[in-house]
Amino acid sequence: MSDSDTVLLRHPTAADGYALNQLVAANPPLDPNSIYCNLLQCSHFADTAIAAFKGEQMVGFASGYVLPKEPNVLFVWQIVVDPAARGLGLAKKLVKAQLASDACERVTHMHTTITPDNEASWGVFKSLARDLQAELNSDVYFEKEQHFGGVHDDEHRLVIGPFKR
Ligand SMILES: CC(C)(COP(=O)(O)OP(=O)(O)OC[C@H]1O[C@@H](n2cnc3c(N)ncnc32)[C@H](O)[C@@H]1OP(=O)(O)O)[C@@H](O)C(=O)NCCC(=O)NCCS
């Protein structure tokens, strides 16, 4: 493996916000974000986010935060992996690095929301639950008509835990 193949993981800074915005925009079905939203993910929420780089290029990112009223829950907001870096376990590495962060010291559960048809996303979280030897439960969290005005599919919440990080 040459140096250019090595993927480095680190917490982001605000300087990564624009690259993240472009990576998310290029990778449907993720909801595209405003640049401002990505800047907040890379600054206010940097301690619970992980970015992956090959050389200078951002090739992956997992954003998230600890729920303000439940300090034992990491909410995984979005995961994105560049198509050229998929199938190598990078999405799982990103989430495991989130969990290993100092800011997740008290975390025993992970939540996320995904649409029923996002097979890749279900695959990632089922695999994570297996690795963490934790239960995975789901319920409908944001509903198409009630919360999205009919323009976006239901978002199901996945709850994984308890686990030891
Ligand atoms: C979803 C995504 C992040 C996966 O990235 P990745 O680095 O290829 O995922 P990993 O290699 O870590 O795979 C982890 C698990 O998910 C499964 N998986 C990955 N892509 C899958 C797919 N398209 N369909 C079904 N399962 C899939 C893998 O088989 C693996 O499971 P295993 O450990 O049982 O073999 C990537 O495809 C992506 O960025 N998609 C577009 C954005 C998106 O939908 N994001 C939501 C992600 S939560």
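The values are calculated or read from the model by the stated rules, or taken from the named source; none is laboratory data. This structure is a prediction, so every number in the text was calculated from the model and none was measured. A quick note on method: Cβ atoms are made from the backbone with ideal geometry, for glycine too, and the neighbour counts reach across all protein chains shown. For accessibility, only protein heavy atoms count, side chains too; no ligands or nucleic acids. Shrake-Rupley method; radii C 1.70, N 1.55, O 1.52, S 1.80 Å.
May I ask you to derive the relative contact order of region 3-160, considering only C-alpha pairs under 8 Å and at least 6 residues apart, and to give it as an integer percent? Provide the component values of the computation, followed by the final result.
On the way: 278 pairs, mean separation 27.5, N = 158.
Relative contact order, region 3-160: 17 percent.
Could you calculate the FRET efficiency of Ser34 with Gln57 from 1/(1 + (r/R0)^6), where r is the beta carbon distance between them and R0 is 22 Å, rounded to 0.05?
Numbers: r = 22 Å, r/R0 = 1.01.
Using R0 = 22 Å, I get an efficiency of 0.50.
Can you tell me which aspartates and glutamates have their Cα less than 13 Å from the Cα of Lys96? Leave out same-chain residues fewer than eight positions away.
Once the sequence-local aspartates and glutamates are set aside, what remains near Lys96 is Glu105, Asp131.
Under a straight-distance cross-link criterion of Cα-Cα below 21 Å, which lysines are reachable from Lys69, leaving out those fewer than 8 residues away in the same chain?
By straight Cα distance, Lys69 reaches Lys164.
On the accessible surface of region 4-97, probed at 1.4 Å, how many percent belong to carbon and sulfur atoms? Display every interim value, and only then the final one.
Values: 2860 of 4760 Å².
Carbon plus sulfur share of accessible area: 60 percent.
For a quick check: with amide H placed at 1.01 Å from N, whose amide H comes under 5 Å from Ser43's, ignoring anything fewer than 5 positions away on the same chain?
none
Kindly provide the pair-distance distribution of the chain built from C-alpha pairs, with 10 Å bins from 0 and whole-percent values in order of increasing distance.
The distribution over the chain is 10, 39, 39, 11, 1, 0, given as percents.
Taking only the C-alpha atoms, wrap a convex hull around region 1-94 and report its volume per residue in Å³ as a whole number. If you can, show how the numbers build up before the last one.
Numbers: hull volume 9.4 nm³, N = 94.
Per residue, the Cα convex hull of region 1-94 comes to 100 Å³.
Taking the solvent-accessible surface of protein heavy atoms with a 1.4 Å probe, what is the per residue accessible area of the chain in Å²? Spell out each step's value before the answer.
Working: 9220 Å² over 165 residues.
Accessible surface, normalised per residue, equals 56 Å².
Just tell me which aspartates and glutamates come within less than 18 Å, Cα to Cα, of Lys126; anything on the same chain fewer than 8 places away is out.
The qualifying aspartates and glutamates are Asp117, Glu135, Asp139, Glu155.
Can you tell me which of 122-135, 35-48 comes out highest on packing, and rank the rest after it, using the mean Cβ neighbours within 10 Å?
On the way: 122-135: 15.7, 35-48: 18.5.
Result, highest mean Cβ count within 10 Å first: 35-48, 122-135.
Below 8 Å between Cα atoms, with a sequence gap of 6+, how large is the relative contact order for region 86-153 in percent?
Working: 20 pairs, mean separation 13.8, N = 68.
The normalised contact order for region 86-153 reaches 20 percent.
Please compute the length gained on full extension between Ala14 and Arg157, using 0.36 nm multiplied by the number of residues separating them and subtracting their Cα-Cα distance.
On the way: separation 143, 0.36 × 143 = 51.48 nm, distance 2.83 nm.
Contour length minus the Cα-Cα distance gives 48.6 nm.
Give the long-range amide H neighbours of Phe75: residues separated by 5 or more places, or on another chain, with amide H under 5 Å away, using H modelled in the peptide plane at 1.01 Å from N.
Tyr65, Val66, Leu67, His111
His147 versus Arg106, label points 7 Å from Cα toward the beta carbon: distance in nm?
Rounded to a tenth, the inter-label distance reads 2.4 nm.
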